[in-house]
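These notes concern the structure reproduced below.
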Amino acid sequence: MKRCTSSKLVLIGVVGLLTGCGMLHVDSWVNPEYPSRPVGKIMILGIGKTVEISRQYENLFIDRLTKLGVEADSMHRYVCREDLVTEDEIVEILKEHACDSIIITRLLAEKERHYVGGGYPDHYWHYYGFYSNAFDARTVESLVEYDLETNLYDVETRSLVWSGREVVYSDRPAQSNMKDVIKALLKSLQHANMVSR
C-alpha cells in the first residue's frame, strides 16, 4: 500500500467514514396517528445563519420537489426580514398560498471536531506501521460538525407529522451540503410515504 503524507486525505477519509462513505443518513420519526399519504402543497422554511443561506436552501429544496411533481413554495418569498415572524403572519401566508404542510429546517447544534493527521499509515500490513504513525502523529486537523433538524407539520392541525436529523461537515461547500441534506430528506420522506416517488 502506498504511503500518503497528505493529512488532508486522512481528514477526508475519516469524514467519509463518518458520513457513511458519502451517503448522508437521516434519523427520522413518523407520527403514527397521521394517515400514511403524500402531503399536498408544501411551504419550505429554512432557518439559516443568514437570510441568503435560508433562501438558497429553500430554493434548492423547491427545485428538487418540483422535479418530483410536488408543489412547493418558499417562505422567504413572502417574509423579507431577518426578525421573528409572528404565528399569525405564518398562518396567513400558509392560508393565502393554500399550503397543507410546512417543512422547517434549523441548525440544532454546531461543534468543532478534531482528528489526528500526519499521513495515512500502512498499518493494515503490519503493526509497526500503525505504531510508528501513531507515535509520530503531531498534526491535528479540525472541522465543524453541523447537526440539523427538519420537521414536517400539518397546517390544519398544526401537529408534527415527521421529524428527521442529519449531520454534515464544514469540509464541503455549503451548497453541496444543502443538496445532500435535501436529497437524503426527500428519500426518507418518500420512504414514509409523505412525498410521492
Expressed in nanometres to one decimal, the distance between label points 7 Å along Cα→Cβ at LEU143 and LYS111 is 1.7
In whole Å, largest first, the alpha carbons of the stretch 24-87 cover along the principal axes 36, 26, 26
Restricting to Cα pairs under 8 Å and 6 or more apart, the percent relative contact order of the stretch 139-197 works out to 27
In the structure shown, of LYS111/LYS179; LYS41/LYS179; LYS41/LYS187; LYS41/LYS111, the pairs separated by more than 25 angstrom at the C-alpha atoms are LYS41/LYS111
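Every number here is computed from the coordinates shown, using simple stated rules; none is lab data. Computed from a predicted structure; not experimentally measured. Here the Cβ is made from the backbone with ideal geometry for all residues, glycine too, and neighbour counts use every protein chain on show.
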